[in-house]
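I have placed the structure first, in the form of structure tokens, so that the comments after it can refer back to it.
The values are calculated or read from the model by the stated rules, or taken from the named source; none is laboratory data. Source: prediction; values computed, not measured. When we count neighbours, we look across all protein chains shown, and the Cβ atoms used for this are built from the backbone with ideal geometry, even at glycine.
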């Protein structure tokens, strides 16, 4: 995961509200020397009963007119942001559900990173979920959820871990991302381990609370030392007791990091970094930018499925 940052796919709503998202993605691409793809998709208008609304014209003409309108909006956004067309490796427009189109396009172009906005309607997103939430659930490459425009260099990074092998993947991938996109003064990385009741029992069922927290701190420091060797960043270790999701949200509110890096799964699946629980909660309620990194296994599974699909087509 994140062996390179060569191709970045940016999802845009084509409105001014998505300008910070597009600027952020382009900025990261310029810093990392990556190719930029812009994508937008929208569903057809629906009737009251939920069926697609089509005026009294041929269906092909409807889609043609819709795509032409989207292209004009995209052209306007590119001009508005002062993006050189030579910077764009691809433009992708479609009339379809946005999250599905972004995921499919990311697979087709081999994207190393998807950049999306958190939501243009935060109130509705907290109830129904956002495009970002759905993309994170299905994507097999890292997803950067932009809530405010990325500023480089980043100064402070929050990286929650649970000391599992999957947390090691997240930590290592996060370090590589920061290396590629850094510049200027190196950031300070805060490695956070939220100590739950389940962790207390796993570490030592007979120890006192103070002894368990001391043991957890030692384990976290060893974890950081193993994975930060040669990293040009300062990595601090902190242990806090509580629930994982609220512990992360409280830390984000208190420290206001430039970026929070999360893995989508952790040591014990249901209790820890379950997507739809921790990552989804942070997307919906967190106040800052979020980089979500899926397990390496998810990407390998995706590659295997694509290879199988290609083989079936050849046969």
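Some points to look at:
- Criterion applied to 89, 65 was being modelled with pLDDT of 90 or more and either assigned to a helix (DSSP H, G or I) or within 30 Å of residue 6 (Cβ to Cβ) (or both), and the one residue passing it is 89.
- Boolean, residue 149 is at pLDDT 90 or above, closer than 24 Å to residue 105 by Cα and out of contact with any strand residue (DSSP E or B) (no Cβ under 8 Å at 6 or more places or on another chain): yes
- Single residue of 216, 210 found to be assigned by TED's automatic domain parsing to the domain that holds residue 291 and out of contact with any helix residue (DSSP H, G or I) (no Cβ under 9 Å at 6 or more places or on another chain): 210
- Qualifying residue in the stretch 239-262 (condition: part of a helix (DSSP H, G or I), assigned by TED's automatic domain parsing to the domain that holds residue 283 and surrounded by fewer than 13 Cβ atoms within 10 Å (Cβ to Cβ)): yes
- Residue among 113, 102, 81, 88 that is farther than 20 Å from residue 33 by Cα and assigned by TED's automatic domain parsing to the domain that holds residue 26: 102
- The stretch 183-201, residues that are within 18 Å of residue 263 (Cβ to Cβ) and either without any contact (Cβ under 8 Å) to a residue 24 or more places away in the chain or assigned to a helix (DSSP H, G or I) (or both): 198, 199
- Filtering the stretch 213-232 to residues that are surrounded by 15 or more Cβ atoms within 10 Å (Cβ to Cβ) and over 13 Å from residue 193 (Cα atoms) leaves 227, 228, 231.
- Here residue 58 meets each of (1) over 22 Å from residue 104 (Cα atoms); (2) at pLDDT 95 or above with one exception, condition (2).
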